[in-house]
Amino acid sequence: MESANCNPNHEGGGEDRLSSLPDDILTEILSRLPINSAVTTSVLSHRWRHLWTGITRFEFHTTKIPTIIPNFSCILRHLTSTKLDVFKVKVSRRIYWHDKEEDDGFESCIHDICRRKVQQVISNIFFPMPDCLLNCRSLVILDLYGPYEMKYEYKAADIQLPNLKKLSLRFLTFIPHWLGSLHKSSPLLEDLTLASSVHFMQSISTIPLINIIFPNLKSLELGLFPYNVEQTPGINSIFSIDAPKLTNLVTYGCVLPYGFRTNPPALVKACINLRKYVLRHEDLEVELHRFPEFFKGMSSVSNLELVVMMEGQRNMFTYLNLNPPIMFFNLVRLEVTLCGFSLNDCTSFVVSLQRFPNLEHLWVIVNRREREQNTWCAPNVVPSCLISKLKIISISIRGFGRNNCWIEFLRYILGKATVLQNLNVCLVHNLPERVEHKFCKSLFKLPRSSLNCEVVFSGRFVKGLSSNVFKIGNHNVNYRPWLIDIFWCYLWLTKRQFSTQANIEDTADYVLFDSDLSPFQYDEHI
């Protein structure tokens, strides 16, 4: 070795095994590094000076926005390998808008990597997609950010992506016309993501029919209409989904344009996020009537997550309960976020549980914003899953209102759930400490149909398990949460009966233990 850095006998008398490796192995190691780091290895020795030029992976990470395209061109010109497996560009900014003057340079780089039979193209830079990418037969993964300009319109014959397995297009400003014929050129596609930007203004009535027909598609994410769009009442589905192997489905925004040509029998998990958007009254009626029609296509799902953010609009669960009923016999886990729902609205939701006869795990987040004083009205029917299947129910309440109303709701749940093992209740609200104590005390006193049911409560000041309820003599003692941790550690180490002094804050007939074992976790970002 010409350099002391690569002396085969480094300090300590050991052997420098890295220097003894052949060049092809060293090149493979350098290919695993970001190109920025791989190039800097050229200063190690004369032998290493040109090793980086043989790499087969181009991963460029930068935090500096200006003039990154000239760096691409310069580096690509020095690469000697005829094959480039990965081209990945990551700028440490959420959104990087390019300069128009850089279009030609970027397109030249893309042409270069396509000639090297690139397999993965991943970039978070906002550049229009060069047409050569749609004719790159070696592509396996294509993950790009928009915007895609209207001038880039391709005929079906121009698209040649026979090996494509993953396609992700984000921040779309319009729906590319070639998407409708993509299924003809990419039969191996397994993962598809389509998401629009805030600047998406294309009217649904101007979008042609898009066939999402892929025999091997396993994961599908659609977020094309999360914002206000011009809609036509009574319009048919724009996106026709036919994916017999689909196992994971994610949609957010308006579901009006989506429909299933055939129901995916292998669907395991679905996340339907109905974000708040503005609709005319007549469009709202169409949307809510299409909601159960869209759900029919997911009847085989076993894990469903539903986010409803339609505050001030009509209760969509009333439409789900219309005849003929939609049954989800495979569903065992359901997560629901209800924003702007009152207790009266929750009645329709409880009735809709009839559609899930084998449900075992239920997570509900109620984000109640209105202040009117509502009362709980128990439904006339009791869902069969509540009687014989539900084992875990977790409920988080934000916007507390009248606590006695929620106690009546929880009384109904505990009184009907005969096989329930855990009821987890979380209050996410700035309530006074005494209110939390009173609510928790009332909750733990509720009668239960299930003898094995454990009730877990979590609030700002109070955390506790119903099984950890004791009376010490004739005095009711409530220990502050910060003392709970001390007590728990003391009990664990000594295994003796608890005896210590604490501050008495309020009248209660239980001692609360800290419960980090609660399976319920509230997402603060919802």
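Values in this text are rule-based calculations from the coordinates and carry no lab data. Nothing here was measured: the structure is a model prediction, and the numbers come from that model. Cβ: placed from backbone, ideal geometry, glycine included. Neighbour counts: every protein chain shown.
Using the basic label-point model (7 angstrom from Cα toward the beta carbon), what is the residue 49 to residue 135 distance in nanometres?
Result: 4.0 nm between the two label points.
Grab every C-alpha pair in region 302-471, bin the distances at 10 angstrom width from 0 up to the longest one, and report whole percents.
Per 10 Å bin, starting at zero, the Cα-Cα P(r) for region 302-471 comes out as 10, 40, 38, 12, 1, 0 percent.
For residue 124, which sequence-distant residues (separation of 5 or more, or a different chain) have an amide H within less than 5 Å of its own amide H, given hydrogens modelled in the peptide plane?
Excluding prolines and chain starts, which carry no amide H, the hits are 89, 91.
In nm, give the distance between the simple-model label positions of residue 434 and residue 266, each being 7 Å from the Cα along the Cα-to-Cβ direction.
6.1 nm
Across region 331-347, in residue order, what do the Karplus-derived ³J(HN,Hα) couplings come to in whole Hz, using 6.51 cos²θ - 1.76 cosθ + 1.60 with θ = phi - 60° and x for Gly and Pro?
Karplus values, whole Hz, x for Gly and Pro: 6, 10, 9, 9, 10, 10, 10, 10, 9, x, 9, 9, 4, 4, 5, 5, 4.
With a Förster radius of 41 Å, plug the Cβ-Cβ distance of residue 163 and residue 358 into 1/(1 + (r/R0)^6) and report the FRET value to the nearest 0.05.
Working: r = 40 Å, r/R0 = 0.97.
E between residue 163 and residue 358, to the nearest 0.05, is 0.55.
List, in the order given, every pair from 83/218; 117/166; 416/463 whose Cα-Cα distance in the structure shown is over 21 Å. Numbers along the way, then the final one.
On the way: 83/218 29 Å; 117/166 16 Å; 416/463 25 Å.
As for pairs spanning more than 21 Å Cα to Cα, those are 83/218; 416/463.
Provide the FRET efficiency to the nearest 0.05 for the residue 375-residue 32 pair, computing r from the beta carbons and using R0 = 60 Å.
Details: r = 63 Å, r/R0 = 1.05.
Efficiency at R0 = 60 Å is approximately 0.45.
Taking amide H positions as placed in the peptide plane 1.01 Å from N, state which residues far from residue 364 in sequence (5 or more) or on other chains have amide H under 5 Å from it.
Correct list: 336, 394, 395, 396.
Show me 51-61, 438-448 ranked by packing, highest mean number of other Cβ atoms within 10 Å first.
On the way: 51-61: 19.5, 438-448: 18.0.
Output ranking for 51-61, 438-448: 51-61, 438-448.
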